[in-house]
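S.K.: Before anything else, here's the structure in question.
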Amino acid sequence: MGRRWIPVALVLAAAAADGAGAHGVAFYALLAAVPAAAVAALEAFGEALDEPRAQLQALLWGIVVALTVAGAAVRAPLLDQGTVPAVGRSAVVACLGVFCFQALLGVVTELRRS
C-alpha cells in the first residue's frame, strides 16, 4: 500500500515542474512514474484477484500506467526544445484526475465499511 504514493508524488512533481517551466524535470519525473505506476498496478491487480471489489482500483491503475507512458512518450522528442505538447500536459492532468477519483473511491469504500 505504501508504494502507491510514489507514482502519485512523481506525477505531482511533474505537474509542479511543468507549472514552473522546468519541462526537463517534469519529463524525468513522469518517466520515473512509469515503473512506479506499473508496480502499483500489478499490486492492485493481485488484490483484485483476491477481492472482486478491488477490480475498479486495478483498472484505474492500468489507466494511470497508460497515461504516464503516453505523457512521457510525447515529451521525449521535444525535450531539447524545452516545450511540451498539449497531449503531454493533458496526460498529467488526466493522471491527477484519476488519482482524485481513486481517493474518492477509497473514502467511499471506507465509509461503507464503518
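S.K.: Within segment 77-93, how many residues turn out to be part of a helix (DSSP H, G or I), in contact with a Leu (Cβ under 8 Å, 6 or more places away or on another chain) and surrounded by fewer than 19 Cβ atoms within 10 Å (Cβ to Cβ)?
M.R.: 0
S.K.: Quickly run through segment 54-65 and pick out the residues that are without any contact (Cβ under 8 Å) to a residue 40 or more places away in the chain, open to solvent by 60 Å² or more (accessible area, probe 1.4 Å) and aliphatic (A, V, I, L, M).
M.R.: Correct list: L59, I63.
S.K.: Continuing with the same structure: Exactly one condition in (1) over 16 Å from Q57 (Cα atoms); (2) open to solvent by less than 90 Å² (accessible area, probe 1.4 Å) is not met by T109; state its number.
M.R.: Of the numbered conditions (1) over 16 Å from Q57 (Cα atoms); (2) open to solvent by less than 90 Å² (accessible area, probe 1.4 Å), the odd one out for T109 is (1).
S.K.: Given the criteria of a type in the set (G, A, S), open to solvent by 40 Å² or more (accessible area, probe 1.4 Å) and free of Cβ contacts under 8 Å to residues at least 40 places away in the same chain, does A70 qualify?
M.R.: Considered against the rule, which asks whether it is of a type in the set (G, A, S), open to solvent by 40 Å² or more (accessible area, probe 1.4 Å) and free of Cβ contacts under 8 Å to residues at least 40 places away in the same chain, A70 comes out as yes.
S.K.: What is the residue count in segment 59-86 for residues that are over 16 Å from A29 (Cβ atoms), at pLDDT 95 or above and in contact with a helix residue (DSSP H, G or I) (Cβ under 7 Å, 6 or more places away or on another chain)?
M.R.: Adding up the residues that qualify gives 4.
S.K.: Here's another thing I want to ask about it. Would you check if there is a residue in segment 17-37 being in a helix (DSSP H, G or I), under 15 Å from the mean Cα position of the chain (by Cα) and of a type in the set (V, I, T)?
M.R.: yes
S.K.: Another question, then. For segment 3-21, what are the residues that are open to solvent by less than 70 Å² (accessible area, probe 1.4 Å) and either modelled with pLDDT of 95 or more or hydroxyl-bearing (S, T, Y) (or both)?
M.R.: The answer is P7, V8, A9, L10, V11, A13, A14, A15, A16, A17.
S.K.: Which residues, taken from segment 26-53, are open to solvent by 70 Å² or more (accessible area, probe 1.4 Å) and among the aromatic types (F, W, Y)?
M.R.: The answer is Y28, F45.
The values are calculated or read from the model by the stated rules, or taken from the named source; none is laboratory data. Just so it is clear, the structure is predicted and the values come from calculations on it, not from any experiment. Here Cβ is always computed from backbone atoms with ideal geometry, including for glycine, and neighbour counts include all displayed protein chains. When the accessible area is computed, the model is the full protein with side chains, heavy atoms only, and any ligands, DNA or RNA have been set aside. Shrake-Rupley method; radii C 1.70, N 1.55, O 1.52, S 1.80 Å.
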